[in-house]
Amino acid sequence: MSQKIDIENKKNKNNVKIPELLVPAGNLKTLKYAVEYGADAVYIGGKIFNLRSFGRNFSINELEEAVNYCHNKNVKVYLTVNSIIFENEINDLKKYLSQIKHINFDGFIISDPAVLKLISSYFKNPNIHISTQVNITNSYGVNLYKELGAKRINIAREIKFEDLKTIIKNTDIEIEVFIHGALCISYSGRCMLSKYMAGRDANKGECAHSCRWKYYLMEEERPNLFFNIVQDNKGTFIYNSRDLCLLPKLDLLVNAGVSAFKIEGRMKTESYIAQTVWVYKKALEYIKNNEFNEENINFLMNELSKCSHRNYTLGFMFLDDYKELEDNEGVGYIKEYRFVGLYDKLNQKYKKPQILVKNQFKQGEYIEILEPFKMPRVVKINEIVIIKNNDDFVSDTANPNDKVVLKDIEDISPYAILRIKEY
């Protein structure tokens, strides 16, 4: 069994510690992309007791495989056991903890005090991280959980930057900050909307994202007559939240002494994971080398725009007021690039990479290739060879689930992401 890996925080030229980059993974495949693109740690969930119940998540055997894979790469693994526990679930929780006690996790992300109390019965000196679901907004709350045995606090997203700095000065345990990903319309995610509208409890990992649905006004006596609450010609999205992106302020968070940067997205694809980790790893490299300047920030923001995302915001921490968070007009998914393929294997016949197609692309288009720790490069598609049970043929179009060889691509990483700009 792998021994726990203690990853020392590197320091930049100003002797400031570079925070741990903590990345989500919803299955073994996305976990491997997170690791290969530079995650210092990953957080994952089992089949029960975590807040992403509708993701594939990890079986007990997969949890063990994930930990072994990560530890062999000097990457830490934190298990999310962060759902709210009801009295009738205590025995199931105990059974689950007993089933995974042999796995050498580097830490546990929890929100319910019941888990904090019980977990020490199954794991020796567990490294407890308190989830943002607990809504800790001040140093007294941080220090209370330290007394209860916590080693790290994921601070509530709703705090201001000046308060964050004060909290760090008044505490001596690790402070973790969400830097990127979906925001919730409720306070640090404690929302009842989904449960009462769709029967899916967000606090049990079943959120239906009711806040992003389209809403109309209906008069009680006229049940089939709907009125727009005027916002735009597409209707009204009352609770339409943006995506958090703190990349432009990352150096301030480093200098404030934040211990870990966390990316949201355990339901996301390998493409999203690869692109966001690539960007934030590069940002930390720039900070370490004192190169985090306007030009490089703009470059990285342009790279982030290549992921499918909602309108970005600096959130509560850096906005002077919250009007941007209240203004939902025009907020929606932005898709400037199309994720078109992944490396499948080396095709022995052509001695070239074989690509698994995810979305359609055509001859004559320009593919951009993103690989771990390399700058993106662009290749024109001059010929597409469809691989079909040794009956290969040339086509001008590649469709989803096709396996293809592109004669213009000589060599790529097994974790390469292929994307095309939308016009």
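The values are calculated or read from the model by the stated rules, or taken from the named source; none is laboratory data. Source: prediction; values computed, not measured. FYI the Cβ positions are ideal-geometry reconstructions off the backbone, even for glycines, and counts take in every protein chain you see.
Things worth noting here:
- Residue tally, condition closer than 30 Å to Glu294 by Cα, modelled with pLDDT under 95 and part of a loop (DSSP other than H, G, I, E, B), over segment 241-267: 4
- Single condition Ile136 does not satisfy, out of (1) of a type in the set (A, V, I, L, M); (2) closer than 20 Å to Phe58 by Cα; (3) outside any strand (DSSP E or B): (2)
- Of all residues in segment 366-376, those being surrounded by 13 or more Cβ atoms within 10 Å (Cβ to Cβ) and either of a type in the set (Asp, Glu) or over 10 Å from Ile420 (Cα atoms) (or both) number 5.
- When residues of segment 259-276 are limited to those that are surrounded by 24 or more Cβ atoms within 10 Å (Cβ to Cβ) and of a type in the set (A, V, I, L, M, F, W, C), the one farthest from Phe178 (Cα to Cα): Ala274
- Verdict on Ile297 being surrounded by fewer than 18 Cβ atoms within 10 Å (Cβ to Cβ) and in contact with a helix residue (DSSP H, G or I) (Cβ under 8 Å, 6 or more places away or on another chain): yes
- Test for Val405: is it more than 27 Å from Val277 (Cβ to Cβ), part of a strand (DSSP E or B) and free of Cβ contacts under 8 Å to residues at least 24 places away in the same chain: no
- Single residue of segment 35-65 satisfying the filter (more than 18 Å from Asn127 (Cα to Cα) and either outside the structural domain of Ala274 (by TED's automatic domain parsing) or among the small types (Gly, Ala, Ser) (or both)) that is modelled with the lowest pLDDT: Gly55
- Residue in segment 161-188 that is farthest from Glu20 (Cα to Cα), counting only those that are at pLDDT below 95 and assigned to a helix (DSSP H, G or I): Tyr187
- Answer residue from segment 319-355, given it is of a type in the set (S, T, N, Q) and surrounded by 14 or more Cβ atoms within 10 Å (Cβ to Cβ) and is modelled with the lowest pLDDT among those: Asn328
- Sole residue being out of contact with any strand residue (DSSP E or B) (no Cβ under 8 Å at 6 or more places or on another chain), in the same structural domain as Lys151 (by TED's automatic domain parsing) and either part of a strand (DSSP E or B) or under 30 Å from Ala416 (Cβ atoms) (or both), chosen from Lys94, Lys117, Lys124, Lys32: Lys32
- With respect to (1) assigned to a loop (DSSP other than H, G, I, E, B); (2) touching a Leu at 6+ places or on another chain (Cβ under 8 Å); (3) modelled with pLDDT of 60 or more, the lone exception for Ile229 is condition (3).
Residue-wise test of (1) assigned by TED's automatic domain parsing to the domain that holds Asn138; (2) loosely packed, with under 12 Cβ neighbours inside 10 Å; (3) small (Gly, Ala, Ser); (4) at pLDDT 95 or above.
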residue: Met317; (1), (2), (3), (4): yes, no, no, no
residue: Gly364; (1), (2), (3), (4): no, yes, yes, yes
residue: Val385; (1), (2), (3), (4): no, no, no, yes
residue: Ser395; (1), (2), (3), (4): no, no, yes, yes
residue: Asn401; (1), (2), (3), (4): no, yes, no, yes
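- Which listed residue, of Ala283, Ala274, is of a type in the set (A, V, I, L, M, F, W, C), free of Cβ contacts under 8 Å to residues at least 40 places away in the same chain and under 24 Å from Lys421 (Cβ atoms): Ala283
- In the condition set (1) at pLDDT 95 or above; (2) under 19 Å from the mean Cα position of the chain (by Cα), Gly26 is compliant with all but (1).
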